[in-house]
1. All but one of (1) among the small types (G, A, S); (2) at pLDDT below 90; (3) surrounded by fewer than 20 Cβ atoms within 10 Å (Cβ to Cβ) hold for A17, so report the exception by its number.
2. Out of curiosity, is R335 in contact with an Asp or Glu (Cβ under 8 Å, 6 or more places away or on another chain) and of a type outside the set (A, V, I, L, M)?
3. Consider T100 carefully, then state whether it is assigned by TED's automatic domain parsing to the domain that holds Y21 and assigned to a strand (DSSP E or B).
4. Being in contact with an Asp or Glu (Cβ under 6 Å, 6 or more places away or on another chain) and surrounded by 15 or more Cβ atoms within 10 Å (Cβ to Cβ) is the filter here; which residues of the range 359-384 pass it?
5. Please go through (1) over 24 Å from E269 (Cβ atoms); (2) modelled with pLDDT under 95 for H367 and return the number of the only condition it doesn't satisfy.
6. Quick one: which strands (runs of 3 or more DSSP E) sit completely within the range 113-207 and have at least 2 residues that are at pLDDT 85 or above and either of a type in the set (A, V, I, L, M, F, W, C) or under 23 Å from S52 (Cβ atoms) (or both)?
7. Only one residue in E71, E25, E88 is modelled with pLDDT of 85 or more, among the acidic types (D, E) and assigned by TED's automatic domain parsing to the domain that holds T115, so which one is that?
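The values are calculated or read from the model by the stated rules, or taken from the named source; none is laboratory data. On a predicted model such as this, the values are computed, not experimentally measured, just so you know. Virtual Cβ from ideal backbone geometry, glycine too; neighbours counted across all protein chains shown.
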Amino acid sequence: MAKSVQLTEHVMITNGAHILYTYDELDPYIENAASFIITGLQQGQHILYIDSRPRYELVMEKLRERGFEYEPEWLLYVDNQFFYRTFEAFSAKEVHRQFTELLQPLLDGGIPVRTWGHVEWNRYLPNEEELIRYERKSDETVGQVGVLTVCAYSGRQLSASLQTQLMETHEYVMTDRKLTRSSLYEKTGSEVIFPSLSEHAKMQSEVDLYKKKLDFVQVISHEVRNPLTVIKAYASMLLNDAKKSLQPGSSAVNKLSGIVDYVAVIDNEIAHILNTEQMLSSEALWKTSAVSPLPVLQEVVTMMEIKARTQNMKLVSSIMLDGSEMMCSNVIGLRLVVSNLLSNAVKYSFEGSEILFCAHAAEGMLHIGIKDYGAGMSRDQLANLYRKYEKMNVNKSGQGIGLFMVKKLVDHFGGDIQMMSEVNQGTTVRIWLPLTRTAPQ
């Protein structure tokens, strides 16, 4: 089995991968080249970068924006006009010889390396057979020595027939926006799609920023939750006294009830953020064991009834479980799934409306349904539901990570999720999670 190598922090591809990059615009090309170089430097690799001098200067400018004040010592730049012999007829043999001569000293010294080469021509259009011969030989070489290699071409210079032939000699095909396995590559495996290098770098930057925010919340959580506990205790005491001495529904009783509710909601939101951090920073959330769903659902529904009440909404629930049901899951994960979906239902519902929640067991599955009559979603929004950091409404609070997390957890627990929605008509969510057995009586 072929070994894997890290393309970016969270994307693994085949060791010695040969990537065909056809780009359309200069800006994303520079972003992708810079991300490729930075990732390699972060992993202690040397980079052989073959490109035109103007594009190289733009890449260096991008590196300086990312904190590299000087040209990295491990970055070897070669002018692509010299390397690809652009002022004479393209020779697969000569170009491959130069490629080997540049790589060999690094490989002999046991130095990990990745390469990026922008192939282009000026006076002479390359003989397609000669170019494919070079790419086929390169594919064989980088696969043998385990060198991650990107071959970049301007999409405006490639004919359809030449691009098709190039896809046969490259395991991966990259565009400005994504990276996929080549469907024409002889040794290709199952299809897989990644974001492009620059897109992944942006996503990773957002993850890092989100983690910093979570770290801040964790630091202050104890300072915030302690006084919240005191406020809740005093408010509950005053509320009990007021109920004894005042008429139900009086202004004082309602205000004290509101204080108790809002404190409970704030405390729950802090706990939810901390649980999300646990998902991002550890493997604890993904460990499964036998879990009884009934108490988890009851706990979440009780809290969401309070949250709905603070927004002048009503959560109507029907949980038809007897407590004997068991599933392979974990408490935190199941709680996050249901609380995220119910929280969204409250967030996007109209004031004064109802939210429906139901749960029952049938045919070895736990069935969960949630329905609201709120803002709803368009077809385009539904198509992008489970993308990380994809917010359905920019005017609402949140990090845009909830539904991505829900989908990951539902899949991890062996279940399925379905969402139907219409703009201004509301949203219906259905979840099926497998039950394993009934608890001992």
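1. Condition (3) is where A17 drops out.
2. Values: in contact with an Asp or Glu (Cβ under 8 Å, 6 or more places away or on another chain): yes; of a type outside the set (A, V, I, L, M): yes.
Yes, satisfied.
3. Working: assigned by TED's automatic domain parsing to the domain that holds Y21: yes; assigned to a strand (DSSP E or B): no.
So T100 fails the test.
4. Quick first cut of the range 359-384, residues in contact with an Asp or Glu (Cβ under 6 Å, 6 or more places away or on another chain) only: 361, 376, 384.
Across the range 359-384, the qualifying residues are A361, G376.
5. Failing condition for H367: (2).
6. Details: elements: 113-118, 148-154, 172-174, 178-181, 193-195.
Result: 113-118, 148-154, 172-174.
7. E25
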